[in-house]
Structures are given as C-alpha cells and as structure tokens.
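The values are calculated or read from the model by the stated rules, or taken from the named source; none is laboratory data. Fair warning: this is a prediction, and the values are worked out from it, not measured in the lab. No Cβ is skipped: glycine too gets one built from the backbone with ideal geometry, and neighbour counts run over all protein chains shown.
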DNA sequence: TGCAGTCTGTGCGCCAGCGAGCATAGTAGT
DNA sequence: ACTACTATGCTCGCTGGCGCACAGACTGCA
C-alpha cells in the first residue's frame, strides 16, 4: 500500500501561512525513519529539524547505568529540534524513533532564519514549545504518582493520537524502556487492559479497541496534556497568525 | 539586618545589555514574597513576570486528589512567567513561594513588548527557557528512578544554588510536598544526611554543611541540570548578545 | 511561665514494582 | 518443515515507599 505523503500531514507545517509554507516547501525533504533509529544523540547538534508525518519520535534520557526514561513524545503534531531555535543547539536527551514512518526535514540553519523573522512561524513554534513543556511536566508528575497501568494508558493514548491508525508496531520491551519500568510490569498491565477489552495485542502489535475506556482508566495526566495541546495549537490550517 | 536589593542580583536582569536594562529599570517593582504564597494559580493569567533575587518559587502541579509534585524551581537565576512570552499565557501548574524573600516584577505586557523586539533579550529568555526545560526533563527522570534520599540531595543543591546563604527556612513537611513523597520519607533521608555530617537541621531550618558531599550522594540529575544552566546561561554581566 | 500549636521521630503492616531466572509461543529465514 | 531467535508469560523473594497512628520536642504567644 502506498500512502501519499504531504507536508500538510504535519500539523505545524499545515498551520503555516501560505507565504511561509511556500518559502519552506522547496527545502523540505521527505525521509523514512526506522524503528529504533537514533535521530539525535544526547549532546549532539542537529543538522536538521524534523516534522514527522506518520512517524513518532521519543525524547528520552539515558542514565549512566543504562536505565532510561521518556521525557516527551513528538509526532505529526510537532517538530523535533526545539533547541535549534531556542538557542541551546543541543540537549542532554536522545531522540529515538518509537514508531517507524515518514518525516519531513529541513536544514537547521534554514529554520533558524525563518524563526528569526519573528513572525507567525516564530509564534507558532513557541506555542508548540509550551505545549511540549506541559507534556514534560506531566510526565514528571505521572512518574511520581501513578501506577504502571495508568502510565501505560497515558502512553498508548498519546501515541495513537499521533498516528493515523489505531495500531502500534511496538514490543512490550520497548514500551518498558520508554516508560522506564520493567518489561514484566508492562506485560501485566497490558494483559489486564486486554482482558478488559480495551486493547488487543500480539507479538509486537498493539491495537487500541476502546479509546474512551482507556481514557477512563488512565490518570488525569493524559487529559491535561491533550487539553493543553488543543488549547495552544488549535487546527489553524494555514491561518497561523 | 537590611539587605540591599538591586535588580542585578537576578542573573537574567544582570545579563541584559545596558540599553535594554535602562529601558526596563524604571518599570521594575521590588516586592516581598511570603513563604507559601501562591504567586500564580494553575490556569490563571499572570499580570506580572517575576525576577526573584533572594526568593525561590516552585512550579508544582497539584492533582485532583490533592497530591502534588514539583516540576521545576525558579530563583535568582531566572524568571517566573515563561508562558507570557511563549504565547500560551497560562499553564496547568501553580507557582508557590518555596523560600521567602524579594523579587522584582514587571508588567506582563511590558515584557511581551521587549520580547517582541526580537533582540538579545529574546535570545536570553529563550535560552533560559531551554534550561528550564532541562530541569523539568530531569525531574521526570529523577522521579522515575531515584530514591527519596537522592532526590532530597538534588533538591537541596538546586535550592541553595539559588540562595545567597547555605541555609533554608523550610519544614520537612513542605519539602515532602514539593518532592511529592511522604513526610516520614524526608525525615528519614534528612536524618541520614545529618548523621553523615552533610547537613544540619532543626525545626524548620536546614543548613548545608558539605556541598561536595551532597553532590556525591545525589544522583546524576543535579549535575546534568547544573551543567546545562551553566552552559546556556554563562555569567554575561551586561554583555548579552 | 505555661500552654497550644506545630514540627519531628518511630513503629507498625502493606503492597507495587524490582531483579533474576526460566518456560512457552510466535515468527522469520533457510 | 525445521531452526534460531525474539517476544511474552509466570514465579520467586525482596525492598522502598506508603498510610496510619502516636509520642516527644520545640517554638511562639499569652
């Protein structure tokens, strides 16, 4: 099956004014991201910023002892490469492809130039950054107070919100790495959700059957993040201002 | 004892170009912040942004059931009111005074105007924001993987880094609220640190005796955050560029 | 000086999640 | 169809942190 790719599948690109979009368009390069690919290593400079369309990229921090924890997730609603325009160039976290798919990319310097026009594009990127901040903050809260099962619900919801379908290609082992918990913990929680008929999974595939049920079973963190993304990044469709 | 107050005690104000500083100066208002004061409620719009000098403000998220968790901490190195210039105006978190003291403040609209000049001040604020993002990310990691004792070390270090002395006016109960753990957990961890001679405390007062010892006993999170603040916000002293 | 209020210390029992080890069941490749 | 591999399921015992309850100690105020 061939899925047509169009930069407008990325919500940020889609929200640009036509004049800004047209200027960027010739420089957008479509690429494919493989599951597990490290798009950006901790502390290293990005040559490009990425606008995912059908892929998801996780920002995670890997500790000295090898343990890891997800900080935030970026999909077709956002951009990977915040430090490029925030001025720091690098971050201590690593960007890993969590779900294979396509993404557009743009030379970092070009984005910097666009950002420095201090126009609608800058305002859009800053609002997106604030939404991302909320996601990180809520991750911190969730890590502190909520059960593995609740966190799994939140994580599944955030993921399918950023994908076209309702299915994830993802092993429990990888999910455990993202959440920073034991694989067995994920197995147990996923088993419970499956028994409840909320999800269905088989070896590396998870499909969400009952979104609403998952939301009910999740902690408030998902809703807080979702509400904030919707508030900060309504569907502009080329009318960013 | 009268401590002279000067906007330059706030590192961001201190880092401004003279011309920018002089324009802001007449609009800076010195205020006192009381321990426990809520500077900004979750979801409400800030009328001012704050540049703490001798106070510390915590950003924390309070859950529906009343439990809370600290997201980040702002002191004389930063500014409270990021959403003002990021464009979202509000956030889901609450800002609470963690350590009483002074702060300058500035009408939100004035800061917005300055930010929109797209000059050195804008770049400075964005770099600060990135540092804050790192702090939040590391809080998430720390919440996931580290013990109460390690987190207490990190928290103490972040706090005294933002204060002139080495003493904190702070009950264990409040610390527990910030960290989102039980008060008894803090009592136990603090007792251990005192036994090791790293800190000394009595009813509402904690003094750090051995900074280096605390750093050794802390998890890597403190160092990651500190390094990132130093990298992104070197001591500019009026030479922001 | 004494009392009220608040902070700190301690001792329970309890449970989620950890670590390690191993058994089974899918899946991909030849 | 067979094999090698990897993903998932299940079982131990262990421990860090939780919730609760209460005792002692300090401080501020009358």
* **Tally, over the range B:150-184, of residues that are closer than 27 Å to residue B:51 by Cβ and assigned to a helix (DSSP H, G or I)** => 13
* To do: Would you check which residues across the range A:219-239 are over 18 Å from the mean Cα position of the chain (by Cα) and either modelled with pLDDT of 95 or more or away from chain B (no Cβ under 14 Å) (or both) and list them?
  => A:219, A:220, A:237, A:238, A:239
* Being more than 13 Å from DNA strand C (Cβ to nearest atom) and either more than 12 Å from residue B:211 (Cα to Cα) or at the interface with chain A (Cβ under 10 Å from one of its Cβ atoms) (or both) is the filter here, so list the residues in the range B:142-154 that pass it. => B:142, B:149, B:150, B:151
* To do: Filter the range B:185-200 for residues that are touching a residue at least 24 places away in the same chain (Cβ under 8 Å) and part of a strand (DSSP E or B) and give the result.
  => B:199
* Structure fact -> In the range B:61-80, anything surrounded by fewer than 24 Cβ atoms within 10 Å (Cβ to Cβ) and more than 11 Å from the chain's Cα centre (by Cα) is listed as B:62, B:63, B:64, B:65, B:66, B:67, B:68
* **Complete set of residues in the range B:35-64 that are free of Cβ contacts under 8 Å to residues at least 40 places away in the same chain and out of contact with any helix residue (DSSP H, G or I) (no Cβ under 9 Å at 6 or more places or on another chain)** => B:62
* Set A:27, A:10, A:76: member being closer than 30 Å to residue B:120 by Cα and touching a residue at least 12 places away in the same chain (Cβ under 8 Å) -> A:27
* Asked: Within the range A:88-137, how many residues are in a helix (DSSP H, G or I) and either free of Cβ contacts under 8 Å to residues at least 60 places away in the same chain or at the interface with chain B (Cβ under 7 Å from one of its Cβ atoms) (or both)?
  -> 14
* Asked: Within the range A:45-77, which residues are within 14 Å of chain B (Cβ to nearest Cβ), under 25 Å from residue A:110 (Cβ atoms) and not in a strand (DSSP E or B)?
  -> A:45, A:46
